[in-house]
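Colleague: Can you keep this structure in mind? I'll have questions shortly.
The values are calculated or read from the model by the stated rules, or taken from the named source; none is laboratory data. Everything quoted here is computed from the prediction, not taken from an experiment. Heavy atoms of the whole protein, side chains included, go into the accessibility calculation; ligands, DNA and RNA do not. Shrake-Rupley method; radii C 1.70, N 1.55, O 1.52, S 1.80 Å.
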Amino acid sequence: MRRLAEKLHLSRTYPYAWQRIGHRLELASAHGPRQNILGFFNLHNQFHSFAFPGTIDSPTVIHCFDLFRQQQQKPALVVVDNAPIHTSEDFEDELDRWQKEGLYVKFLPPYCPELNLIEILWRKIKYEWLPLDAYLNFKTLTTSLFDVLKGIGSKYRITFA
């Protein structure tokens with residue numbers, strides 16, 4: 001299983017634009033509301049997600065891991081990156097308990113996002129499955145996002161070869 005924690009921003013940074021030689025083009029950046037998703041994803045396109053309007057901290061992640069573990073009928077391996085919420089003292093304090101309960105946590109090597117399958121899922125959601133009009137405003141973004149999240153495994157699938 002994989003973890004997904006990503007921030008959706010309505011404002012994007014584009015490092016390029018057309019401008020006259022010698023003139024600098026600057027656009028103000030704006031911050032709006034955020035929608036954070038934490039999820040568990042496996043090679044069989046099974047996806048369990050949790051949505052949060054605010055930030056996700058270690059206690060929130062621990063709670064989600066506990067809820068996920070309660071749903072599992074057999075041992076499970078969860079692969080996580082080295083994000084601060086996964087390397088916090090609070091999170092690491094739970095590793096032995098989870099292992100005794102059949103939930104094993106494996107850390108990816110640092111700076112290896114290509115090994116994290118949830119990153120493939122997130123890229124598909126952001127660049128292929130979300131329609132362009134989803135980015136019109138925050139409400140359409142969250143509505144479209146939740147529609148995509150509900151369809152993962154049925155309407156939206158990734159073939160891992």
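Colleague: What number of residues in the range 111-139 are open to solvent by 30 Å² or more (accessible area, probe 1.4 Å) and more than 17 Å from the chain's Cα centre (by Cα)?
Modeller: 8
Colleague: Can you tell me which residues in the range 80-116 are farther than 21 Å from ASP66 by Cα and in a helix (DSSP H, G or I)?
Modeller: Within the range 80-116, PRO113, GLU114, LEU115 meet the criteria.
Colleague: Next question. Are any residues in the range 31-66 among the aliphatic types (A, V, I, L, M) and open to solvent by less than 60 Å² (accessible area, probe 1.4 Å), and if so, which ones?
Modeller: Within the range 31-66, ILE37, LEU38, ALA51, ILE56, VAL61, ILE62 qualify.
Colleague: Further question on the same structure: Which one of these is more than 21 Å from PHE50 (Cα to Cα) and charged (D, E, K, R): ASP133, ASP81, ASP90, ASP147?
Modeller: Going through ASP133, ASP81, ASP90, ASP147 in turn, the sole match is ASP133.
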